[in-house]
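The values are calculated or read from the model by the stated rules, or taken from the named source; none is laboratory data. As the structure is a computational prediction, the values presented were derived from the model and not from experiment. Cβ placement follows ideal geometry from the backbone for every residue including glycine, while neighbour counts extend to all protein chains displayed.
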Amino acid sequence: MAITQTTTRAGISRDTLVKWAPLLVLLVLCAFFAVMEPRFLSTRNFARILIAATPTLMVAIGVTFIIIMGSIDLSMEGAVSVCAVAFAYCFLWLGGTLASWAWLAIPFAMLVGAVLGFVNGLIHVKLKIPSFMASLAMGFVGTGLAMVMTGGDRIRIEDELFRALLTERIFGFPLMVYVAGLFLLIAWFIQTRTTLGRNFYAVGGGEDLAVASGLNVARVRIMGFTLAGVFFAVGALLAVGRIGIAETATGNNFMFLSITAVVVGGTALWGGIGGVWNTLVGVLIVFVIGNGMVVIGLPGYVQDAVLGLLVILAVILSTDRKSISFVK
Amino acid sequence: MYQLNQVDKKFPGVHALKSVDFTIGRGEIVGLVGENGAGKSTLMKVIYGAYQPDGGTITIDGKTVRFQNPRQAMDHGIGMVFQEQSLITNLTVAENIFLGFEQQFVRWGVIDWKAMTAAAKRQLAKVKLAIDPATVTSKLSFAQRQLVELAKVLTLEERIDGDLVILLDEPTSVLAREEVELLFSLVRELTSRASFIFVSHRMDEVLELSDRIYVMKDGAVVDVVAQAEAQVEAIQHKMVGRDVDKEYYREQKQRPYDASKVLASFDNVSVAGKYDGISFDLHAGEVLCLVGTEGSGREAILRTVFGLEKPTSGTIKVKGAPYARTTAQEAVARGVGYVPRERKVEGIVNGMTVYENMTLSQMKNYSSGGVLRIAEEKALAEDWIKRLSIKTPDVYKDCGGLSGGNQQKVVLAKWRSGGSDIILLDHPTRGLDIGAKEDVYDMVREMCDAGAGIILVADTLEEAIGLSHTILVLKDGVFQKRFDGSPGDKPSLYDLVHHMI
Amino acid sequence: MSLEKLKPWFPWLTLAVLVLLVGAVNPAFFNPSGMVALVADIVPLFIMALGMTFAIYIGGIDLSMQQVANLVTVVATVYLAQFGIFVAVLCIAAGFGIGALSGWITTRQFVPSFVATLAMGFIALSGARFLSGERALSMDAEARDASFGWMFGNTAGVPHELVIAGVLLAIAWFLQTRTTFGRALKAVGAGELAAVASGLKVDKIKIMAFALSGTFAAIAGLMFSVKLSGGDANLANGFLILAIVAVLVGGTPLTGGVGGVINTLVGTLIVVVIRSAMVYLEVDATMQQMIFGIILIVAIAMTIDRSKMRIVK
Amino acid sequence: MSEFIKDFIEKEKINRRNFLFASAYGLGGAAALGALGPTMARAALTDPTIAWSYRNRTNPYWNEIVSGGEAFVQSLGMSKDALTHLINEGSSEKSLADVKAILAKTGGNLALAIDTNDAPNARPVVEAVAEAGAYVSTLWNKTDDLHPWDFGDNYVSHMSWSDEGPAEQTARILLDAMGGKGGVVHLGGIASNNPAIERLNGLKNALKDYPDVALLAAEPADWDTQKANQVMSAFLTRYGDEITGVHCANDTIAYGVLEALRAEGIEGMPIVSYDGNPQAVQLVSERKILATVFTNPHWGGGITAALAYHAAIGSFKPSEEPNEHREFYGPTIMVQPEDALEFKANYLDSVPTYDWNDFWGPSNGPITYK
């Protein structure tokens, strides 16, 4: 009888090509911009790209987990604002410098993120509201909450120690890049080595089947949104570290940027496929395009269109068209 | 050992289980049969904890238990092998096997992949499957997946000290005969450790495997028979509540086909990776059956006729001419109708009403300038509901809410009412109860009498033999042998199997 | 059983409850002329939501609508002088074309509509910025009144905007319920594979759905442009999220095949009542957004029909 | 190649603009206004609701505007909560809908101060207010063909700032600090916003007298700190040491620029900005910013509300006022390092108490159209 392995290995298969397509796109983009403007290809410029990209990377990693589950989280703008503002108030209240107890503001902000994510997950799971709507509404609540907390003011974080995230460099890259790298590794660890991480893939691959296997899907979902909230908080911390200001607008533009990055990186919106490395590549693609267009001097009003075209192109290249019957 | 006493379950408007008594002893294999809607699946859901009974008790070794969810049932040694494939295809085999029970491999919050892989290997050995546990499940064949499912349930062995009860829900529906044999021998071996509840529509298999057989009808257990005393006709009589026609496959109604009228023809057609060099003619009034194991190219041929696959070489002619563009629209326009295996996904649109489903493929016949003539649609639906005795309260009923048999009738009505005369049947009786199956067989004969040609991929070999005028045996996408299936001169099971493997 | 029958009416009930609540606190809300003005004002938003309904009805989404409307405000303003009323044709063609292109990218290139339409929106925005020379343009008042003055009059106390909205709603409703196209949309939304296996031209239908959403976006943009008598690349900002919310609150879930244009009418009214309730109930300015979010959660929790959803994602 | 593309696109854009200007000019002559006069002008209102409609609360500029509005309301002996806030979140649609809602709610018994978010939105807002018999004063955004005197008393006034002159002044300070040579980059506001365009024009005017300074690039940063941060980073890559000065369209942009420079360890880069926010003034005193222009949003916010209110209660009759009292420029004060601390003490740390009946005292002359 014919119970044997059915995979075939023949040269570079289409599978492999699709898998590495996002990285190829990234490299081609870099090469293109480097040819157009050699200065693109310098450590300092890569440092600039990474400084701009790290907060989005954290937010995108958070939402990656949710997208792997086949859900979506649109609450990041609100969550980032609330976390940034909560951090700033707590930081200043506790002394305003990392050398004092004010460092506690960092775990506090992550806790705030976790709580927001938890509530978001709770509303989605317990009230049985699809995550798109639940998180969209939660995003409004978050932005509104940040507004109520600040009354519209901006809070400045002047502490040199905290701002060392931006100003202190090792091998040409500021500390925040290394912090983001650390959290990327943590996310990778969660994705591959923990039960929760693997369960995200199970839920995304087939939720009803996962339930039948005895998986507590409601718990996995709520935990997923909580985890995403923590990463949103880290994104908020880096965003504050970058410009030294916490305000209601800190969260602006994260929503479409992070989701676009996740999809461009090859994580499928219908769930089950992709991961944090894809997201890293996706975020880099988006920010390399953004930086490269300014660097080669494209006029502002063309940049949107070029970004749009390249995003479509990147997604087309990294989609395995044979494995899906349709897309909506 | 495991007992259900007077278990009752009610849903709004339905009394699904009526004080059911059910016992299973240590190491026993118990068969469970009944028509669709007889309460089998509800009973199974109560057993594995997906439903909580409204009345009665469940006891294990005399102790009363109550499960809030499948997980608690698992903790008491009750596992389930699902009818629809329940493996998550983007996970590896090892991950699937231990889904929900990864904790045993977690050290300081980290999954020990080596340990899990090793444990998965042990489980796979139990079902004699030699595959790498790190394989992604989507790359496995259906038969392999079925065995992985069994391996997954058998993890209960390690987790539970007490007795195990394993439910097998239609485990053989996607398996070839040999694979079924392998599964049965495995199950028999495993009775040293577990009891099995075996649910199937294939009466012969139930009789072959089970020590005792429970027969259900209308939510109640109507009979329990021991293997030695079991007779197919008697059980079917109990299930259906009437005598089952001896001429099950309606052979007496089989008429010779019109050899002068070719509806569709394949001339040396290939689809890369699916099948190679297939030729045949389909005539008016003919049932042409494609026989082979899963992956032998049967389904791909059907999909080619329907314009969903583009041939890489060779010529297809439908009604005398090749397709101008290989699309389903073109096929439908030529009078091809497709009754897919995945009835709920491809057959009917869940969420649309009965009449909407019936006219879906032929809306242009019921519209003027793109505007629908809904009254005519409803009249059509009412007509066909009567002709095929479809059980539905009205034409507005959501098709997704009908039983499997009635859904299948809606699909058939869709094509027949639109005048399709090349009908592609992919497992048309899959998951249907006997009564509904017989209705389908009747319809096959009626369609042939009306001059339609049918290409069939049957659910069982018996069905293939019983229904067909012509049988083509395929193996790995290559044509093996052609059998003539005139009444009285039909090939035997053995003849076919011989060429399939 | 009775609950089952009530479910389709939940959005209406929610609307009624909201209206009564606001009216009870501030009876001025019931002033008929105020209400008519209130409803007339949301017509562009409603038209946008109407278009969004088609995209969501087939299980997709159209995030390019706001940018299409932005582009159309610029096109209308720039070419009004040249083409007069026929500038409408140009606008609608632009909307139709961009929508159809989004649909083509989604169905033929397998780019999820979320990303495809977002990216197409960027392209439309670039077009708007380029064409407008990156400044706010205004229409010549006389040319505007000559060509489109009819859009904003009153006949027997009924604002023409409402008439236009009513006509578009009727067309959309007719399309959805009475035509083969509408039936095909439903089939694609509820069971795409079954629609394929029934021989429907699924790709064409999906592309048409996006083209329609683009067309409605263009109509909304045109109306808005005429109403404001000008155009620029940001003029229609703020429409997108509200249009999506209106569709969802109305009870058309993102999974497709359920709900429809009438639901969108209710959804838009709910959104507008919530929004104007902020003004009527004198909600503190800094609190408004938060309260909007909370009420939204409550409204969605009340209006969505969970019986049609097997898995809540 | 990139140069070629850029040039081509630039030319196209100029052609397009020329075309627009030409057509606007040609038609402008034929434009006849005033068809929509006041329909139901009331003599005066008693105790009208006072409302301020503005973009958002996340920008310090608008917070200052609002504080002025509140100060005015308090000067009338009411609590500052008596001022109704309408926030449009950058949506013209919401801006208009909110105005309609509050008109319906108050039955037209309203004195409205508003920035309509986008210039085209001003006309429908003013028309709605006039039709309801309420009174409105606008700030910043309106189209050039819309004038208060076409609406009798109900459209009380419009205040704007001519940014071109002050922006040119700051640009000169910047260019002098650069030693009259090198390269300057400009980070602008939302591209289509009027002040964004004027502020860039100011720089361009100044550059005419500094032939040795090149305008390296001008990109919109949407009044947004984070966006400005990213654009400045990319500028640094592209031009590196060629950049010897930065011209920012407002203070929030300057903050992002400062942080981008800080990340690179660049200090002492000459920067000028606009708006005169407290934080920016502080930075000016520390010489991190060379100059900013204070437009006194507190006074602007208060006086706009005051004009609408007093016209509404009949303290004065707008239609009897000369045109320069109905369309006028707001005050601008140049803030430079020498006087920054003194200025901060006088205007920001302790906000001066203004006479809200002195409507036109600090204003800066009638609005002129080009």
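Tell me which residues, restricted to segment C:249-268, are modelled with pLDDT under 90 and part of a helix (DSSP H, G or I). Correct list: C:V249 only. Applying the condition of being at pLDDT 80 or above and of a type in the set (A, V, I, L, M, F, W, C) to segment B:479-495 and asking which residue is nearest to B:S270 (Cα to Cα) yields B:F479. Taking segment B:238-282 as the range and being within 30 Å of B:P322 (Cα to Cα), in contact with a strand residue (DSSP E or B) (Cβ under 7 Å, 6 or more places away or on another chain) and at pLDDT below 85 as the test, no residue passes.
The helices (runs of 4 or more DSSP H) located wholly in segment A:234-328 that include 2 or more residues which are surrounded by 24 or more Cβ atoms within 10 Å (Cβ to Cβ) and facing chain C (nearest Cβ under 10 Å) occupy A:254-264, A:300-317.
Quick check on B:L167: is it touching a Gly at 6+ places or on another chain (Cβ under 8 Å) and at pLDDT 85 or above? In short, yes. Among the numbered conditions (1) within 13 Å of chain D (Cβ to nearest Cβ); (2) surrounded by 24 or more Cβ atoms within 10 Å (Cβ to Cβ); (3) closer than 26 Å to C:A76 by Cα, the only one that C:G214 does not meet is (1). Whether a residue is farther than 30 Å from B:M239 by Cα, surrounded by fewer than 18 Cβ atoms within 10 Å (Cβ to Cβ) and touching a Lys or Arg at 6+ places or on another chain (Cβ under 9 Å) was assessed, and B:T89 passes this test.
Residue count for segment C:296-313 satisfying the condition of being at pLDDT 70 or above, more than 7 Å from chain A (Cβ to nearest Cβ) and either touching a Lys or Arg at 6+ places or on another chain (Cβ under 7 Å) or surrounded by fewer than 22 Cβ atoms within 10 Å (Cβ to Cβ) (or both): 3. All told, C:A143 meets the bar of being touching a helix residue (DSSP H, G or I) at 6+ places or on another chain (Cβ under 7 Å) and under 17 Å from C:V87 (Cα atoms). Is it the case that some residue within segment D:149-168 is out of contact with any Pro (no Cβ under 6 Å at 6 or more places or on another chain), within 12 Å of another protein chain (Cβ to nearest Cβ) and either more than 28 Å from C:F30 (Cα to Cα) or charged (D, E, K, R) (or both)? Within segment D:149-168 (the criterion being out of contact with any Pro (no Cβ under 6 Å at 6 or more places or on another chain), within 12 Å of another protein chain (Cβ to nearest Cβ) and either more than 28 Å from C:F30 (Cα to Cα) or charged (D, E, K, R) (or both)), the answer is yes, since at least one residue qualifies. Among the strands (runs of 3 or more DSSP E) confined to segment B:398-487, the ones with at least 2 residues that are in contact with a Ser or Thr (Cβ under 8 Å, 6 or more places away or on another chain) and of a type in the set (A, V, I, L, M, F, W, C) are located at B:478-484.
Segment B:1-119 holds strands (runs of 3 or more DSSP E) entirely within its bounds, and those carrying 3 or more residues that are within 24 Å of B:A230 (Cβ to Cβ) map to B:2-11, B:14-24, B:29-34. Only a single criterion out of (1) out of contact with any helix residue (DSSP H, G or I) (no Cβ under 7 Å at 6 or more places or on another chain); (2) loosely packed, with under 15 Cβ neighbours inside 10 Å; (3) in contact (Cβ under 8 Å) with a residue 24 or more places away in the chain; (4) closer than 20 Å to B:G435 by Cβ is not satisfied by B:T312, namely (4).
Report, by residue number, each residue of segment B:127-145 that is assigned to a helix (DSSP H, G or I) and either within 7 Å of chain A (Cβ to nearest Cβ) or under 19 Å from A:G214 (Cβ atoms) (or both). Can you show your working first?
Of the residues in segment B:127-145, the ones assigned to a helix (DSSP H, G or I) are B:137-139, B:142-145.
Within segment B:127-145, B:T137, B:K139, B:A143, B:Q144, B:R145 qualify.
Does C:F292 fit the bill of being closer than 21 Å to C:F54 by Cβ, facing another protein chain (nearest Cβ under 7 Å), out of contact with any Pro (no Cβ under 7 Å at 6 or more places or on another chain) and aromatic (F, W, Y)? It is false that C:F292 is closer than 21 Å to C:F54 by Cβ, facing another protein chain (nearest Cβ under 7 Å), out of contact with any Pro (no Cβ under 7 Å at 6 or more places or on another chain) and aromatic (F, W, Y). Of the residues making up segment C:134-154, those that are without any contact (Cβ under 8 Å) to a residue 24 or more places away in the chain and either of a type in the set (V, I, T) or within 7 Å of chain D (Cβ to nearest Cβ) (or both) number 1.
Applying the criterion of being closer than 20 Å to B:I465 by Cβ and part of a helix (DSSP H, G or I) to the residues of segment B:286-319, the residue that is farthest from the chain's Cα centre (by Cα) is B:I301. Within segment D:104-116, residues that are more than 24 Å from D:W140 (Cα to Cα) sit with their Cβ atoms under 6 Å from residues that are at pLDDT 90 or above and part of a strand (DSSP E or B), at 6+ positions apart or across chains, in these pairs: D:T106/D:T49.
Just wondering, is there one or more residues in segment C:162-169 that are within 14 Å of chain A (Cβ to nearest Cβ), crowded, with 18+ Cβ neighbours inside 10 Å and not β-branched (V, I, T)? No, segment C:162-169 contains no residue that is within 14 Å of chain A (Cβ to nearest Cβ), crowded, with 18+ Cβ neighbours inside 10 Å and not β-branched (V, I, T).
Given the residues A:V119, A:V59, A:V82, A:V63, which is the only one that is surrounded by fewer than 24 Cβ atoms within 10 Å (Cβ to Cβ) and part of a helix (DSSP H, G or I)?
Details: A:V59 fails: surrounded by fewer than 24 Cβ atoms within 10 Å (Cβ to Cβ); A:V82 fails: surrounded by fewer than 24 Cβ atoms within 10 Å (Cβ to Cβ); A:V63 fails: surrounded by fewer than 24 Cβ atoms within 10 Å (Cβ to Cβ).
Only one candidate passes the filter, namely A:V119.
Of A:R219, A:R193, all but one fail to be more than 30 Å from A:I49 (Cβ to Cβ), without any contact (Cβ under 8 Å) to a residue 24 or more places away in the chain and surrounded by fewer than 23 Cβ atoms within 10 Å (Cβ to Cβ); the exception is A:R219.
Check segment C:7-25 and report whether any residue there is at the interface with chain D (Cβ under 10 Å from one of its Cβ atoms), surrounded by 15 or more Cβ atoms within 10 Å (Cβ to Cβ) and in a helix (DSSP H, G or I). The answer is no; no qualifying residue exists.
So that you can scan it fast, the table gives a plain yes or no per residue for (1) among the polar types (S, T, N, Q); (2) touching a residue at least 60 places away in the same chain (Cβ under 8 Å); (3) within 21 Å of C:F114 (Cα to Cα):
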site	(1), (2), (3)
A:G214	no, no, no
A:F231	no, yes, no
A:A239	no, yes, no
A:G244	no, yes, no
A:E247	no, yes, no
A:V264	no, yes, yes
A:I285	no, yes, yes
